[in-house]
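Undergrad: One structure, pasted below without further comment.
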Amino acid sequence: MKNKITCFLFAFVLLLTSVLCIFFPEDEFSESERRVLASFPEISGETILSGDFSKGFEEYATDRFPFRDFFRSVKTYTSEYVFQKSDNNGLILQNGHLTRLDYPLVTDMQDLAANKFSYLYEKFIKGKTDKIYLSIVPDKNYYMDTLKYDYEKLVGKMREGMPYARYIDLFPTLSLSDYYTTDSHWKQECITDAAQTIASEMNVKIDAKYTVNTYPEPFYGVYSGQSLIKVPPDTIKYLTNDILNGCKVLDYNSGMAKPSFMYHMEKAKGKDMYELFLGGNSPLITIENPAAKEVRELVIFRDSFASSLTPLLVPGYSKITLVDIRYIMSDFVGGFVNFEDADVLFLYSTSLLNASTAFK
Amino acid sequence: MLFSSIPFLYYFLPLVLILYFISPRKLRNSVLLLSSLVFYAWGEPKYVFLMAISILVGYVLGLLIEKYNQNKKLSRLFLILSIVFSLGSLAYFKYADFFIENFNAATGLAIPLLHVALPIGISFYTFQLLSYTIDVYRGEVKAQKNIINLAAYISMFPQLIAGPIVRYSDVEKSLSTRRESFDMAAEGIRLFILGLGKKILLANQLGELCEIFKASTDKSVAFFWLYAIAFSLHIYFDFSGYSDMARGLGKIFGFDFMENFNYPYISKSVTEFWRRWHISLGTWFRDYVYIPLGGNRVKPLRHILNILIVWMLTGFWHGAEWTFIAWGLFFAVLLALEKFFIGDFLKKSRIISRFYTLIAVLLSFVVFNAANLNEGFSYIGGMFGSGDFPLVSNEFFYYFKSFLPILAIAILGATPLPKKLVLSLEKKPFTKRISDIFEPLVLLILLFIMTAYLVDGSFNPFLYFRF
């Protein structure tokens, strides 16, 4: 009897799953993974003989498996609670914080980044200003008890590669609670000290009072979808005041200057709520502050961490230009940015400096 | 196509099972053959023709060997032709570049390499064909008159790409007169799911640890040992898991393939280890190489030579690299030592013998998995403190903690204890009743979890594909 039950159950499950796979594949876009899933491959004599069809079909069948997120979460929970793995696909859950293992240190990446920055310095900045700063944002692993590389070495490599820049140390001003629990980024409401540290080093006053606003929807950060472990969502808070409200923000994402916002409510409704800050990634953004007490410009070469920090530096400048050389060719930067007597800040996270192949 | 993949589990297998069981009995071998060809062509569309030609040649030569069995010369000629063809194709597709490289290195010439892709499973099906024609020549089996039956045997997808190396004599009757049953199928399902579990839940994760070690820039003595243990367990669960899946699928279709692994890591000697590890390969070399060379019924020096030849070939069968030859010869030396010197001592001891065997096997697998001999020896050196590596490192601590439960489960699973526990439970009526009720459920839960791992993961390579 047991054997018959085993056979029928096995056959039933196999057939049912098979029918589900064929007739009810998952949607093409995975919200949790923030990526397009594989499509059914092209069938032709050539693709079959070359093996491309079978490879494509395997990707399709695995990617578009029905209830994909549910199965992925079953795997995550098994890995976390049955096998007690410290990380699942590199994702770590520790004391309510999700993070991604970033290891080991790839020193070539810092060389690559420092060379790129030095190229920008030599080509566009040298001789126009000597107020050049480097600041590095530690990823939150630095404050967690996990496998981590030698952060001092990373900082040392960058400082060594950029002797023309004065280093501003943010490591002591931050702590784990300054980061979202489900995302890699820092919280704007917690980094006023970091902004103050940068401002003091650059000798600019940014004293200002802010109103703390809360975005009404819960924030499920990038790790939340990747991990699928149920961690309470974060809340996005953003700081405003009259100075920020009066600024003129232009975004050059489409190649032309288009009016934009300090806090982009429409973008926040998209796939990544962190895009609320300055509308997310863009090759070039300018912020003009008509309330500035003096004419003083700041150019920030940056990654996404700067999106939430920059508004806090606005009170000290009449104009801030944000340049992201992951989205604009370095050679074109001079055509858009005025470096004459400007403060220049290279503000990058350790995550990017350890994987800096994206610079153009 | 891998057994441990979504396309196999939820597209290919259900379709084949339906076609197989709705077909009349006389067509079932044809269904098996066709599905096996599709299975093979899925990964190797081009080489399906090579396999078809090999089968055709084996079929014709098998018939000719039998037809002229009264004329020994002619019969032997056909056997030699069969051996030359089988070993020739193996030599060309698997070993040509190895020979050219070494010839170039020895002579200083620069003969260009052929860069021929290795057809999947060629080592397995070639050995099956060889055993078939040799057995026909020896008169141990009758030549198969029906080419579909022979082709179904050689290409049968459950054992096509990773064994076990099924002898024709073992399935000769089943090919024409087998009876599928619920009992066999249920046993097959159990074997298949447990094999899949070995592969996905243990082997793949241990393989991940091995990859992490290889990429590590923070190696330490302890990490080298962790790697050696992890790889030894990885290869065991990978290969034995695949063999279990093959045997399980075979049973569903009414075949009874031989057991390929029998808890090798509890062996008290290397000799015993090889009676428990990849049994179908060991017995193949014993029956078709070692015994024809004279086996142990010769003078001691010749006996040692026989051991060296067989184990060098066993190593070489695994791949066209010096690491595999060194691996085989390492075992040859240990086997010879055991036969002539320490065998009796090992039989008497319980702990030292097991410790010695485990260390020997661990070291052998470090060389086995090395990219080259230098890497293999440097890893072994690292295990014993050479190379200025620290005793422990941060990475070691992190990954040891992370993989400790999996390692513990794997070590326990490599012993017969879990099986003994289940068998003892089944002896008592009450616990047997509970096990009868829950077993199908447990199997389903396992399948469910493994599906989750497949959906989530991309780390699913199968080691024995390259053999």
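The values are calculated or read from the model by the stated rules, or taken from the named source; none is laboratory data. Quick caveat, the model's predicted, so the values are computed rather than measured. Glycine gets a Cβ as well: all are built from the backbone with ideal geometry, and neighbour counts include every protein chain shown. Surface areas here come from the heavy atoms of the whole protein model, side chains and all, with no ligands, DNA or RNA. Shrake-Rupley method; radii C 1.70, N 1.55, O 1.52, S 1.80 Å.
Undergrad: Starting with the highest mean, order A:300-312, A:100-112 by the number of other Cβ atoms within 10 Å, averaged over the residues of each peptide.
TA: A:300-312, A:100-112
Undergrad: Based on the Cβ-Cβ distance from B:LEU421 to B:PHE345, what FRET efficiency comes out when R0 is 35 Å, to the nearest 0.05?
TA: 0.65
Undergrad: To continue, here is another question. Mind checking the mean number of beta-carbon atoms from other chains within 10 Å of the Cβ atoms in B:394-402?
TA: 4
Undergrad: Out of every Cα-Cα pair in segment A:105-358, what percent are more than 31 Å apart?
TA: Of the Cα pairs, 20 percent sit more than 31 Å apart.
Undergrad: Compute the semi-axes of the equivalent ellipsoid of segment B:184-455, taking the square root of 5 times each eigenvalue of the Cα gyration tensor, and list them largest first in whole Å.
TA: 32, 27, 18
Undergrad: log₁₀ I(q)/I(0) of chain B at q = 0.10 Å⁻¹, via Debye over equal Cα point scatterers, no solvent, to two decimals?
TA: Once normalised to I(0) and log-transformed, intensities are -0.83.
Undergrad: If we count every other residue with Cβ under 14 angstrom of A:LEU345's Cβ, Lys/Arg +1 and Asp/Glu -1, where does the sum land?
TA: -2
Undergrad: Of the listed peptides B:406-414, B:17-25, B:361-369, what is their order by residue-averaged count of other C-beta atoms within 10 Å, with the highest listed first?
TA: Packing order, densest peptide first, comes out as B:361-369, B:406-414, B:17-25.
Undergrad: Using Cα-Cα distances under 8 Å and only pairs 6 or more residues apart, what relative contact order does chain B have, in percent?
TA: It rounds to 18 percent for chain B.
Undergrad: Is it possible to state the helix-based mean residue ellipticity at 222 nm for chain A, with each DSSP H run of 4+ residues giving -39500 (n - 2.57), the sum divided by total residues, to the nearest 500 deg cm²/dmol? What is it?
TA: So the calculated ellipticity at 222 nm is -9000 deg cm²/dmol.
Undergrad: How far, in degrees from 0 to 90, does helix A:151-161 lean away from the longest principal axis of the Cα atoms of chain A, to the nearest 10?
TA: 50
Undergrad: Rounded to the nearest 100 Å², what is the sum over both chains of accessible area buried where A meets B, with a probe of 1.4 Å?
TA: 4400
Undergrad: A further question on this structure: Compute and list, largest first, the equivalent-ellipsoid semi-axes of segment A:2-98 from the alpha carbon gyration tensor, each √(5λ) rounded to a whole angstrom.
TA: For segment A:2-98, the ellipsoid semi-axes come out as 29, 24, 13 Å.
Undergrad: To the nearest whole percent, what portion of all C-alpha pairs in segment B:297-357 is separated by more than 14 angstrom?
TA: 60
Undergrad: Under the Karplus relation 6.51 cos²θ - 1.76 cosθ + 1.60, θ = phi - 60°, what is the ordered set of whole-Hz ³J(HN,Hα) values for segment B:195-212, x standing for Gly and Pro?
TA: After applying 6.51 cos²θ - 1.76 cosθ + 1.60, I find x, 4, x, 4, 5, 7, 7, 10, 4, 4, 6, 5, x, 4, 4, 5, 5, 4 Hz.
Undergrad: Can I ask one more? Take peptide A:13-23, look around each residue's Cβ out to 10 angstrom, count Cβ atoms belonging to other protein chains, and average those counts.
TA: Mean number of neighbouring Cβ atoms from other chains: 5.
Undergrad: Still on this structure: Kirkwood hydrodynamic radius (Cα pairs, Å) of segment A:63-119?
TA: 14.2 Å is the Kirkwood radius here.
Undergrad: In whole percent, how big is the carbon plus sulfur part of the accessible area of the protein assembly as shown, probe 1.4 Å, protein atoms only?
TA: 62
Undergrad: Then there's this: If I fit a long axis through the Cα atoms of helix A:192-201 and take the longest principal axis of the Cα atoms of chain A, what angle between them do I get, 0 to 90°, rounded to 10?
TA: Helix A:192-201 sits roughly 40 degrees off the main axis of chain A.
Undergrad: Limiting things to C-alpha atoms, what are the Rg and the maximum Cα-Cα separation (Dmax) for segment A:155-303, in angstroms?
TA: That works out to 16.8, 50 Å for Rg and Dmax.
Undergrad: In degrees between 0 and 90, to the nearest 10, how far off the longest principal axis of chain A does helix A:107-120 point, with axes built from Cα atoms?
TA: 40
Undergrad: Of the listed pairs A:LYS126/A:LYS157; A:LYS85/A:LYS148; A:LYS75/B:LYS219, which have alpha-carbon separations greater than 24 Å here?
TA: Table pairs above 24 Å Cα-Cα are A:LYS75/B:LYS219.
Undergrad: Which translational diffusion coefficient, to the nearest whole µm²/s, is obtained for segment B:309-414 from the Stokes-Einstein equation, given a Kirkwood hydrodynamic radius over C-alpha pairs, 10 °C and 1.306 mPa s?
TA: 100
Undergrad: Any chance you could run the full-extension gain for A:SER200 through A:ALA291? It's 0.36 nm times the residue separation minus the Cα-Cα distance, nm to one decimal.
TA: That pair, A:SER200 and A:ALA291, stretches by 30.8 nm at full extension.
Undergrad: Another one. Report the relative contact order of chain A, percent, no decimals, based on alpha-carbon pairs under 8 angstrom and at least 6 residues apart.
TA: It comes to 17 percent, rounded to a whole number.
Undergrad: Okay, moving on. Within a 10 angstrom radius of each residue's Cβ in B:41-50, how many Cβ atoms of other chains show up on average? Whole number is fine.
TA: 3
Undergrad: Also, I was wondering about something else. Tell me, what HN-Hα J-couplings in whole Hz come from the Karplus equation 6.51 cos²θ - 1.76 cosθ + 1.60 at θ = phi - 60° for each residue of segment B:91-107, using x for Gly and Pro?
TA: Values per residue, Gly and Pro as x: 4, 5, 6, 9, 10, 4, 5, 5, 5, 4, 4, 6, 5, 4, 5, 6, 9 Hz.
Undergrad: Shifting gears a bit: Kindly provide the pair-distance distribution of the protein assembly as shown built from C-alpha pairs, with 10 Å bins from 0 and whole-percent values in order of increasing distance.
TA: Spelled out bin by bin, the protein assembly as shown gives 2, 11, 18, 20, 17, 13, 9, 6, 3, 1, 0, 0 percent.
Undergrad: Under a 1.4 Å probe, what is the accessible area of the protein assembly as shown per residue, stated in Å²?
TA: On a per-residue basis, the protein assembly as shown sits at 44 Å².
Undergrad: Now for a different question. Over all alpha-carbon pairs in segment B:6-178, figure out the percentage whose distance exceeds 29 Å.
TA: The proportion of pairs with Cα distances above 29 Å equals 28 percent.
Undergrad: Counting only DSSP beta bridges with both residues in the protein assembly as shown, tell me the antiparallel percent, nearest 5.
TA: If I count the DSSP bridges inside the protein assembly as shown, around 60 percent turn out antiparallel.
Undergrad: Could you list which residues have their amide H under 5 Å from that of A:THR235, counting only those 5 or more apart in sequence or on another chain, with H placed in the peptide plane?
TA: Under 5 Å from the amide H of A:THR235: A:PHE219.
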